[in-house]
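Following: one structure in structure tokens, then a few remarks.
The values are calculated or read from the model by the stated rules, or taken from the named source; none is laboratory data. Nothing here was measured: the structure is a model prediction, and the numbers come from that model. Using ideal geometry, Cβ is built from the backbone for each residue, glycine included, and neighbour counts are taken over all protein chains shown. The area values use the complete protein model at the heavy-atom level, side chains included, leaving out ligands, DNA and RNA. Shrake-Rupley method; radii C 1.70, N 1.55, O 1.52, S 1.80 Å.
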2 protein chains.
Amino acid sequence: MDIQTKVVELARRRGIFWPSYEIYGGVGGLYDIGPVGVKIKNKIVDLWRKFFIKDHSDFVVEIETPIITPYKVLEASGHVENFTDPIVECTKCHNVYRADHLVEEFAKINAEGLSPSELDKIIREKGIKCPKCGGELGEVRLFNLLFETNIGPYSGNKGFLRPETAQGMFTSFKRVFEAYRQKLPLGIAQVGRVGRNEISPRQGLIRMREFTIMEIEFFFDPESNIEPPFERLGNLTVNILRGEDKVKGIGRPTSYKLDEVVKEKIVINPWMAYWIGVATKFVNALGISNIYFEEKLPHERAHYSKQTFDQIAVIGDEKVEISGHAYRSDYDLSRHMKYSGQDLTVFKKYDSPKVVKKKSVIIKKDLLVKEGKDFLKDFVQFVQNKSSDEIAEMVKRGEKFNGKDISLYVEITEREEKVSGEHIIPHVVEPSFGVERCLYLTVLNAYKEKEGRIVLALPKYLAPYDVAVFPLLEKEELIKKAKEVYDMLKEKYDVIYDDSGSIGKRYARVDEIGVPYSVTVDPMTLSDSTVTIRDRDTWGQIRVKIEDLMVVLDKLFKGEDFNKLGKVINNNE
Amino acid sequence: MDIQTKVVELARRRGIFWPSYEIYGGVGGLYDIGPVGVKIKNKIVDLWRKFFIKDHSDFVVEIETPIITPYKVLEASGHVENFTDPIVECTKCHNVYRADHLVEEFAKINAEGLSPSELDKIIREKGIKCPKCGGELGEVRLFNLLFETNIGPYSGNKGFLRPETAQGMFTSFKRVFEAYRQKLPLGIAQVGRVGRNEISPRQGLIRMREFTIMEIEFFFDPESNIEPPFERLGNLTVNILRGEDKVKGIGRPTSYKLDEVVKEKIVINPWMAYWIGVATKFVNALGISNIYFEEKLPHERAHYSKQTFDQIAVIGDEKVEISGHAYRSDYDLSRHMKYSGQDLTVFKKYDSPKVVKKKSVIIKKDLLVKEGKDFLKDFVQFVQNKSSDEIAEMVKRGEKFNGKDISLYVEITEREEKVSGEHIIPHVVEPSFGVERCLYLTVLNAYKEKEGRIVLALPKYLAPYDVAVFPLLEKEELIKKAKEVYDMLKEKYDVIYDDSGSIGKRYARVDEIGVPYSVTVDPMTLSDSTVTIRDRDTWGQIRVKIEDLMVVLDKLFKGEDFNKLGKVINNNE
């Protein structure tokens, strides 16, 4: 069994995740997160909130917007037109396939971003047939991945499930901007569900039809001299596989210092580089250390992006995209301005008012009249759609109108005007994480085997429970004491209590879900008020007084040395 | 302006909530939760998790299941058939209305639960016309409130957005039961989004097309002698308006002690009474003290419920349902067993094996053969679909087959068998809260006016920020010091910093979003390292040393007397 199969089996057995609606045969791409999974997942979301929102509470806020989205919004965003995958249907058995995946599988080429006609050509040339029945494949066409629905009782009032939370931040940008700081930069974060109607989802939590996104739309003034707070990240090195290297056939990323990434414009916007730095630290905190950022080539990018990096987590032989970083520029706000007719600009006040020179044009009507009525009329028509600057330019160049010098008939004056600021459309960079992918990769990365048994070596702060409490034997006085210890610990910690089965089985059970410490009440406890603490990773045990238990656990969670905090005991479980 | 209008205005201005997609004119029933609203909402959800899950971690777990639900699941649950509202369309202007609401408005009667034909009759009798254009109304018909969509690339693969999270718990019940305790009772909780395609949602956060539910499906054995842990609730009194009182025209609830509610079977199931007790404590913790439970009459209940109570919050003149409590019995699991063909029963082990008498039937073939081949064949066919008990009964009653005593051809023997348990379908009670309603009612209840200014007197643990930090004036040395204080406090507290505008305006701003305490750095701070703390509700101020600030705030959040924790100062802001 490969590790992924083992993790999926463990996840099902121990309540981490499993396919939804199993009793009805399941639905591709839909997964339940079980009791243990929800606890890990919620801790991952909290950790993300810490890194991305709380540590940036001076300019990032969180909002929540609906999943149901009216047609117009996703038309404006370009998703109605562009959020598509190429599909092809077998003319015989009518199975539907992702055309690019078929081409990649059977023609062994990278088909990302190829057009339907290009894919079609390859299918014909290579003679690719239906993998299921061998039948002839139909024409490649685009399938829109938006889940469609109808809003309200009137038919024809189309809506969709959002494919990203981002549009909620764009459509409410002005409201948040006004209610909050009225200053740029402003990050608007959201954690919420999205739907993508994948053709044939298969890879477990990696490609789902419904999942949870945590993302920030980060609005800033590209002309501003406000620098990202790189000092919060310390000296950080990031691994990047650049687009220009990919084109050369290089497949391995290169290490760069973060300031080098900015200076050399490897990432074209400093704020995007900053969030790439934060993302590096966050993914490391999930316990995943082997990561890099892959720049997408122009035809691999989404329609709204000027530059995109995928953050890739490498676990064993697996490479999985754990986050995406897109420079959406002013694409979305501009489109929503156009489609809604609303002003989504922000007034940017200059530090001090600027003096601008403005030109005015005076038409010498008396001279024009002398040239005849028609000439007058034509001349006025000629100048009226031109700006004062344009006319001044024409005069400067000595241009003529109907053979006469324009300068004869106009007078250019110049005056100074004070301007206090200007209206700008903010630019946006977007760091975006899939929560279930984070959960899956965290669990996959934590999966260890020790002497033929499974240990989920999660970082302690991501463990579903902090501590387990067991009576050694199912005896009344031990159970009573163990429940006292449980009640004491649960004031501060997330504790699981279990008294059924052998102690060895119970240790194995909590090892499998990653509980860092187990506290056991045994017959000795009744005489000297001591308990044992067992370490998940080493299986070592120490014995401590119940009255010291809280302090000892506190120290353990702070990372102090296990064997120095109590009497080390041998144990043959 | 009434208080609801004032709250909606405040919510929009201060980033608590506002209609979604405003720049496109909005969509009825969809709301954004803003930066301040998300913070309050997340604290409400955490509080619910504490009361309902954490305080019951011995038998309640949380899971997460998809919003997208296949057709079959909601067919089994009865929603495809029953999740409807009566609508009527104007034949002239084609506006669509809730028929029951029209009847209630124009005929002044309670129309809840009336059938389309009953509503139709009233509309004709009372001559109710289209309220908008005066046109003739069409026939009343049922409109299904499920948002419909299609899953995957094959058309006809219908799915819906779930209207409740409950079906996720029913379809995954067996998996959770096996991965977790393998014991009843077992509560499965979920917090997640649902969609209900309301005809004409109007009441802000009260009736939304998409909202967040937090609910528990609580599975138990109705025959078990495991009692709910009423001792965890203390001596609790609940207000109940009983169905039998409603029928008598009584509109006011009566106070009962919780044990009386159980003993007198006012609530027919003790577990439902228990969760009603927990719900009382939870809603009180939101700051809302005036609540009661209204029993729904049979025709007012959902199709799956044997008894239902709505928890009603009374705020001023407003009565709003804040939670629902339904006794779903074994309805859902039984239906899913039928529709999926899967066994969703739970094996209930007896405390000690029971001895059951089992009957066996021996057919006397030799005697039957003598009656001829056809008689033998017919007789075998006659008995083969009957249980041993049925045949024994027939023999006892002296019944005949083709004119002959059945007893002639069979021998009934009886033997004793030890049975260790039986398969049962658990029963379910469901406490269910709407999160946005909780948010709205919490804010509405906290809304106060003081000297013409707004104060949001939220319980401290629900406030969006714990503390605000201000420099008195926009001077560099004060800003520097204030940021030091901010950095110190944010290690422990959720802190907001603000240095723009007059100090009076800044106090007003944080009063409006309910921040309990403001810490101000003023010129005196620079000489003696003291700051002022201002109380949101009294506007009183004390002066404390910066080094004592953490300890003082700690005591304030524990409820100690404000004026005893520092030097009380007069202040004319």
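Structure data summary
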| read-out | value |
| --- | --- |
| Some residue of region B:547-558 being in contact (Cβ under 8 Å) with a residue 24 or more places away in the chain and part of a loop (DSSP other than H, G, I, E, B) | no |
| Any pair with Cβ under 6 angstrom, 6 or more apart, that starts in region A:159-173 at a residue that is within 11 Å of chain B (Cβ to nearest Cβ) and at pLDDT 95 or above and ends at one that is in a helix (DSSP H, G or I) and open to solvent by 10 Å² or more (accessible area, probe 1.4 Å) | A:THR171/B:ILE23 |
| Test: residue in region A:466-479 that is modelled with pLDDT of 95 or more, touching a Pro at 6+ places or on another chain (Cβ under 9 Å), open to solvent by 10 Å² or more (accessible area, probe 1.4 Å) and within 21 Å of A:ILE16 (Cα to Cα) | yes |
| Members of region A:68-99 found to be open to solvent by 10 Å² or more (accessible area, probe 1.4 Å), closer than 20 Å to A:GLN167 by Cα and not in a strand (DSSP E or B), listed by number | A:TYR71, A:LYS72, A:GLU75, A:VAL80, A:GLU81, A:ASN82, A:PHE83 |
| Members of region B:152-179 that are over 23 Å from the mean Cα position of the chain (by Cα), open to solvent by 40 Å² or more (accessible area, probe 1.4 Å) and under 30 Å from A:SER500 (Cβ atoms) | B:GLU178 |
| Counted residues, region A:308-353 - those being within 14 Å of chain B (Cβ to nearest Cβ) and not in a helix (DSSP H, G or I) | 6 |
| Residues of region B:111-127 satisfying the condition of being over 19 Å from B:ARG202 (Cβ atoms) and either touching a Ser or Thr at 6+ places or on another chain (Cβ under 6 Å) or assigned to a loop (DSSP other than H, G, I, E, B) (or both) | B:GLY113, B:LEU114, B:SER115, B:GLY127 |
| Condition broken by A:LYS126, with the remaining ones in (1) free of Cβ contacts under 8 Å to residues at least 40 places away in the same chain; (2) open to solvent by less than 40 Å² (accessible area, probe 1.4 Å); (3) more than 14 Å from every other protein chain (Cβ to nearest Cβ) satisfied | (2) |
| Pairs, first without any contact (Cβ under 8 Å) to a residue 40 or more places away in the chain in region B:1-12, second open to solvent by 70 Å² or more (accessible area, probe 1.4 Å) and hydrophobic (A, V, I, L, M, F, W, C), C-beta under 9 Å, six or more apart | B:GLU9/B:MET1 |
| Sole residue being within 12 Å of chain B (Cβ to nearest Cβ), more than 19 Å from the chain's Cα centre (by Cα) and more than 30 Å from A:HIS336 (Cβ to Cβ), chosen from A:ALA99, A:ALA76 | A:ALA99 |
| Test: residue in region A:408-420 that is under 30 Å from A:VAL38 (Cα atoms), out of contact with any Gly (no Cβ under 6 Å at 6 or more places or on another chain) and not hydroxyl-bearing (Ser, Thr, Tyr) | no |
| Residue ID - most open to solvent (accessible area, probe 1.4 Å), chosen from residues in region B:27-63 that are part of a loop (DSSP other than H, G, I, E, B) and facing chain A (nearest Cβ under 9 Å) | B:ASP58 |
| Candidates B:PHE147, B:PHE143 - the one that is within 12 Å of another protein chain (Cβ to nearest Cβ), in contact with a Gly (Cβ under 8 Å, 6 or more places away or on another chain) and of a type outside the set (Lys, Arg) | B:PHE147 |
| Where a residue in region B:438-456 is open to solvent by 60 Å² or more (accessible area, probe 1.4 Å) and its partner, wherever it lies, is outside any loop (DSSP other than H, G, I, E, B), with Cβ under 6 Å and at least six apart | B:LYS448/B:VAL455; B:ARG453/B:ALA508 |
| Members of region A:185-209 that are modelled with pLDDT of 95 or more and over 21 Å from A:ASN144 (Cα atoms) | A:PRO185, A:LEU186, A:GLY187, A:ILE188, A:ALA189, A:GLN190, A:VAL191, A:GLY192 |
| Helices (runs of 4 or more DSSP H) (entirely within region B:159-265) containing at least 1 residues that are over 28 Å from B:THR69 (Cα atoms) | B:243-247, B:258-263 |
| Neighbours by Cβ (under 8 Å, 6+ apart or cross-chain): first from region A:276-292, at positive phi; second assigned to a loop (DSSP other than H, G, I, E, B) and open to solvent by less than 10 Å² (accessible area, probe 1.4 Å) | A:GLY287/A:LEU458 |
| Residue match in region A:241-251 (condition: open to solvent by less than 30 Å² (accessible area, probe 1.4 Å) and touching a residue at least 24 places away in the same chain (Cβ under 8 Å)) | yes |
| Of all residues making up region B:1-26, the number that are facing chain A (nearest Cβ under 8 Å), open to solvent by less than 40 Å² (accessible area, probe 1.4 Å) and either in contact with a Gly (Cβ under 8 Å, 6 or more places away or on another chain) or acidic (Asp, Glu) (or both) | 3 |
| Filter result for the condition that a residue is open to solvent by 20 Å² or more (accessible area, probe 1.4 Å), within 20 Å of B:GLU430 (Cβ to Cβ), touching a residue at least 12 places away in the same chain (Cβ under 8 Å) and more than 18 Å from the chain's Cα centre (by Cα), over B:ARG193, B:ARG202, B:ARG232 | B:ARG232 |
